[in-house]
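Novice: What follows is a structure written as structure tokens; I'll ask about it next.
The values are calculated or read from the model by the stated rules, or taken from the named source; none is laboratory data. Everything numeric in this text was worked out from a predicted model, so none of it was measured. We place every Cβ from the backbone using ideal geometry, glycine too, and count neighbours over all the protein chains shown.
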Amino acid sequence: MTRRIEMFFGLGLVLAIVAALLFAFFKTKGTDVATYPTSTINANGTATAGTVPTRTSVNAGGSSSMILTGNTRSDLCSCYEQAFVYGSQGFDISSTHYETGYGLCKNAQGTKGAQAWSYGWANGTTGNAAKRSCKIYLSSIR
């Protein structure tokens, strides 16, 4: 009788461990492995085409960088805030910084990403520090 109880609890423990491992595997599978076509921006503002993982830090031509995680809200904020920085630094809209960042954000988040980049850039060029926050941008598009 004791052997049967021990076997029952042992089997339950093994099943719990397997379930935890499967949960961990499937939970991280989409965020760590998924890729999408995009471009990265080099320090001089030129683009390099390629496929990057969804978790990446992209140096967008300056001292700061965008971090794209595959999370819509986080990526929109990264695009908006990086564009705000470049817009406030006086880069022209025809610069490779603008074009490449716009393309990267559009590839990562579609039209919403492109819009976030454009709005961030425009607000940066006006020097409106009150609109620097991504939270303000996100509340304005709802």
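Novice: Here is a check on your reading of the model: is GLY110 assigned to a helix (DSSP H, G or I) and surrounded by 14 or more Cβ atoms within 10 Å (Cβ to Cβ)? Working first, answer last.
Specialist: Details: assigned to a helix (DSSP H, G or I): yes; surrounded by 14 or more Cβ atoms within 10 Å (Cβ to Cβ): no.
Judged against the criteria, GLY110 is not a match.
Novice: Would you be able to say whether some residue in region 87-96 is among the aliphatic types (A, V, I, L, M), at pLDDT below 85 and in a helix (DSSP H, G or I)? If you could, list the steps in order and put the result at the bottom.
Specialist: Quick first cut of region 87-96, residues among the aliphatic types (A, V, I, L, M) only: 93.
Right, trim to at pLDDT below 85 and you get 93.
Keeping just the survivors that are in a helix (DSSP H, G or I) gives none.
Scanning region 87-96 turns up no residue that is among the aliphatic types (A, V, I, L, M), at pLDDT below 85 and in a helix (DSSP H, G or I).
Novice: Identify the single condition in (1) of a type in the set (Gly, Ala, Ser); (2) under 18 Å from the mean Cα position of the chain (by Cα); (3) surrounded by fewer than 19 Cβ atoms within 10 Å (Cβ to Cβ) that ALA122 does not satisfy, given that it satisfies every other one.
Specialist: (2)
Novice: Looking only at residues in region 97-139 that are aromatic (Phe, Trp, Tyr) and within 17 Å of ASN71 (Cβ to Cβ), which one is modelled with the lowest pLDDT? Please lay out each step first, then the result.
Specialist: To start, the set of residues in region 97-139 that are aromatic (Phe, Trp, Tyr) comprises 98, 102, 117, 119, 121, 137.
When the remaining residues are screened for being within 17 Å of ASN71 (Cβ to Cβ), the result is 117, 137.
On the way: TRP117: 92, TYR137: 84.
Across region 97-139, the extreme among qualifying residues is TYR137.
Novice: Can you find a residue in region 101-111 that is of a type in the set (Lys, Arg) and without any contact (Cβ under 8 Å) to a residue 24 or more places away in the chain? Before you say what the answer is, go through the steps one by one.
Specialist: From region 101-111, those of a type in the set (Lys, Arg) are 106; that's our starting set.
In the following step, the residues that additionally are without any contact (Cβ under 8 Å) to a residue 24 or more places away in the chain were identified as 106.
Yes, region 101-111 contains a residue that is of a type in the set (Lys, Arg) and without any contact (Cβ under 8 Å) to a residue 24 or more places away in the chain.
Novice: Continuing with the same structure: Just name the residue that is nearest to the chain's Cα centre (by Cα) out of those in region 87-100 that are touching a residue at least 24 places away in the same chain (Cβ under 8 Å) and under 19 Å from LYS112 (Cβ atoms).
Specialist: Once the filter is applied, the top-ranked residue is THR100.
Novice: Those residues that are surrounded by fewer than 19 Cβ atoms within 10 Å (Cβ to Cβ) and either closer than 19 Å to THR125 by Cα or at pLDDT 85 or above (or both), I need them from region 59-72; list them, please.
Specialist: Restricting attention to region 59-72, the residues satisfying the condition of being surrounded by fewer than 19 Cβ atoms within 10 Å (Cβ to Cβ) are 59, 62-65, 67, 69-72.
Of everything in region 59-72, those that are surrounded by fewer than 19 Cβ atoms within 10 Å (Cβ to Cβ) and either closer than 19 Å to THR125 by Cα or at pLDDT 85 or above (or both) turn out to be GLY62, SER63, SER64, SER65.
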